[in-house]
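Okay, so here's the structure we're looking at.
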Amino acid sequence: MVGEAGAAELRYVAEDAPTGYGDAADRLVNALRGEGTRVAYRGWSNTRGGAEPALVPFSRDVAPDEEAAPGTPTVVHLVPEYYPLVHEVIAGLGPFVAHTVWETDRVPAHWPDLINQADRVVVPTEWNREVFASGGVTIPIDVVPHVACDPVPGDEGASLAIDDDLFVVYSIGRWDQRKAMFHTVRAFLEAFDGDDPVVLVVKSGPRIEMPPIEAWGTSNPMAWTTGWQVAHLVSRYANPAHIRLEVGTWTDEQIAGLHTRGDCYLSLPRGEGWGIGAFDAAAYGNPVVATGWGGLLEFLDPTVASLARSTLVPVEHHAFASYSPDQRWAEPDVDHAAQLLRSVFDDRVTARERAVEFSEHVLREYAPSAVAAQFMGVISELNGKGHTTMS
């Protein structure tokens, strides 16, 4: 058990941040420990801002004193660009399991060479398994889903102070080209007007992520902010429905409270490898309206969730070299999403009943014990493996 004498059975390296990668890693480590596996959990310095590559204490680790001996299997839950650096940092690296995800129909051209030097790679969806294999990944590809959240009430939305008689549509995500939160705002504004008893709560950051160099704020500094982006969209409507933009740092209790207070989760990304926000909303028993493509389909039942039509288009992204026009992602039909959202609102009792029933499936299928067992099945297949050498 965790905390007893001896070395950990598994080393787990992950991004120490409130991101999809960070949250998924945190849940899996807790699930593994809950089933009796001792894990040495370490954060990755990620070399941003000129930092030296290093393993650092994980801020949310409840057992920071766990240590892994040389040769211990190591899971690296990071994007592949960091794998060679991890090899340099960890002396005596044992069997190496890559754990990653992708959001378009083709992996970045440089990823297969990085991934293939691991022993195995874990992805959360069958869709990703197909994308990775067709893109040139030749090592074993294992599918292990993410762990469902514990749907605790948190602050029950008290910090939002929203009137009880308002129907709360909500969305959580950064403001960039992939998450496409602007589509979420547009769909809401198309579905409702200022006379409807509804509010959209958008939990995002204060600034847009990765704007194009030649646009989005070069002449107006305010245009780099999410507040300006939302205001610009709202200005197109004569009687817009109410939108609440939240850009501050929230506690886990506030996020849980938003899921508890929320009545419908709205997410219209162009691509998701999984989609933690929609996943958690489903666990809380909330109706979900989402883009009907990609990793979201791994856990969203189309007979329960409201899935918007979409068209595959070439990827346009303004910063990451990993995105390229030879990849495709989904452009959601915003008008269709608005119709679906309005239908949920108009028949909210039925929508809620179906979502609550579906939440039982989510909490059972993706329970910590179930996912931990799947993951340890992957680790057990590494017995007898030596470490790989990164070039």
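The table for this structure:
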{"quantity": "Overall form of region 257-391 per C-alpha gyration tensor (a/c, 1.5; a/b vs b/c)", "calculated": "oblate"}
{"quantity": "Rule-of-thumb Rg ratio for region 1-115 [Cα; 2.2 N^0.38 Å; N residues]", "calculated": "1.05"}
{"quantity": "Relative contact order of the chain, defined on C-alpha pairs under 8 angstrom at six or more residues apart (%)", "calculated": "18 percent"}
{"quantity": "Region 196-336: C-alpha gyration tensor shape, a/c 1.5 cut-off, then a/b vs b/c", "calculated": "oblate"}
{"quantity": "Computed lengthening from Ser324 to Glu67, 0.36 nm per intervening residue step minus Cα-Cα distance", "calculated": "88.5 nm"}
{"quantity": "Two-site FRET efficiency, Leu166 against Thr249, from Cβ-Cβ distance with R₀ of 35 Å, rounded to 0.05", "calculated": "0.90"}
{"quantity": "Virtual spin-label span in nm between Thr138 and Asp195, 7 Å along Cα→Cβ", "calculated": "6.6 nm"}
{"quantity": "Residue order for Phe182, Phe188 - accessible surface, 1.4 angstrom probe, largest first", "calculated": "Phe182, Phe188"}
{"quantity": "Relative frequency of Cα-Cα separations exceeding 41 Å in the chain, percent", "calculated": "14 percent"}
{"quantity": "Accessible surface of region 244-362, 1.4 Å probe, proportion on carbon and sulfur as whole %", "calculated": "48 percent"}
{"quantity": "For a label point 7 Å along the Cα-to-beta-carbon line of Glu130, residues of region 306-324 with backbone N under 20 Å", "calculated": "307-315"}
{"quantity": "FRET efficiency, 1/(1 + (r/R0)^6) with R0 30 Å, evaluated for Leu382 and Val152 via beta carbons", "calculated": "0.30"}
{"quantity": "Label-point gap, in nm, between Ser343 and Thr311 - each point 7 angstrom along Cα→Cβ", "calculated": "2.1 nm"}
{"quantity": "Heavy atoms of Val344: accessible area, 1.4 Å probe, square angstrom to 10", "calculated": "10 Å²"}
{"quantity": "Extension gain from Ser235 to Arg207, taking 0.36 nm per residue of separation minus the Cα-Cα distance", "calculated": "8.2 nm"}
{"quantity": "Solvent-accessible heavy-atom area per residue, rounded to whole Å², over the chain at 1.4 Å", "calculated": "42 Å²"}
{"quantity": "Cα centroid separation, region 105-123 to region 257-299 (Å)", "calculated": "26 Å"}
{"quantity": "Local net charge near Trp175, Cβ-Cβ under 14 Å (Lys/Arg +1, Asp/Glu -1)", "calculated": "+4"}
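The values are calculated or read from the model by the stated rules, or taken from the named source; none is laboratory data. As the structure is a computational prediction, the values presented were derived from the model and not from experiment. We place every Cβ from the backbone using ideal geometry, glycine too, and count neighbours over all the protein chains shown. Just the protein is used for accessible areas: all its heavy atoms, side chains included, with ligands, DNA and RNA removed. Shrake-Rupley method; radii C 1.70, N 1.55, O 1.52, S 1.80 Å.
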